[in-house]
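Visitor: Attaching a single structure in structure tokens format; questions to follow.
Laboratory data are not the source of any read-out in this text; all were calculated from the coordinates shown. As the structure is a prediction and not an experimental result, all values here were calculated from the model. Here Cβ is always computed from backbone atoms with ideal geometry, including for glycine, and neighbour counts include all displayed protein chains.
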């Protein structure tokens with residue numbers, strides 16, 4: 001029996017509409033809106049990235065948050081102990097470009113997050129963040145706006 005594609009898409013949407021994800025992930029975009037300090041290699045203002053955010057303790061997510069920024073040629077992943085907060089927190093910073101590594105010294109803070117409380121069914125999150133030693137530039141603190149939606 002052959003079903004029309006629209007029937008399959010509609011049925012999938014109806015079946016998943018009430019589903020709560022066990023490990024909710026949020027994906028969207030991030031843009032660097034400015035910086036403080038010295039960004040010796042380049043001015044990151046205006047740089048845009050695909051962003052992925054995993055909030056700690058939401059649904060079956062682990063107790064550590066995760067923020068990934070995907071550049072055209074690689075990615076950075078930032079994982080603090082626990083949740084991101086309004087204070088700079090040291091993070092495990094994993095890098096994959098034409099090499100892989102964990103450069104030391106980065107810290108991340110969320111200066112705002114709307115909504116303040118995220119659940120497994122929150123549809124959209126807006127975050128303002130700051131990342132120290134951005135793109136492995138010592139002393140460069142990049143400010144960014146991040147907008148992410150719940151992904152099925």
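Visitor: Sum -39500 (n - 2.57) across every DSSP H segment of at least 4 residues in the chain, then divide by the residue count to get the 222 nm mean residue ellipticity, nearest 500.
Guide: -2500 deg cm²/dmol
Visitor: In nm, what is the difference between 0.36 nm times the number of residues separating residue 126 and residue 75 and their Cα-Cα distance?
Guide: 16.3 nm
Visitor: Quick one: grab the alpha carbon gyration tensor of the chain, order the square roots of its eigenvalues as a ≥ b ≥ c, and give me rounded if a/c is under 1.5, else prolate or oblate depending on whether a/b is larger than b/c.
Guide: Note, shape of the chain comes out prolate.
Visitor: Let me ask something additional. I need 131, 146, 125, 96 ordered by Cβ neighbour count within 10 Å, fewest first.
Guide: 96, 125, 146, 131
Visitor: Same structure again: With angles folded into 0 to 90 degrees, how steeply does helix 5-17 sit against the dominant principal axis of the chain? Use alpha carbons for both and round to 10.
Guide: Taking the Cα atoms of the chain, the angle to 5-17 is about 70 degrees.
Visitor: Report the gain in length on full extension from residue 151 to residue 29: 0.36 nm times residue separation, minus Cα-Cα distance, nm rounded to one decimal.
Guide: Taking 0.36 nm per residue and subtracting the Cα distance, the gain is 42.6 nm.
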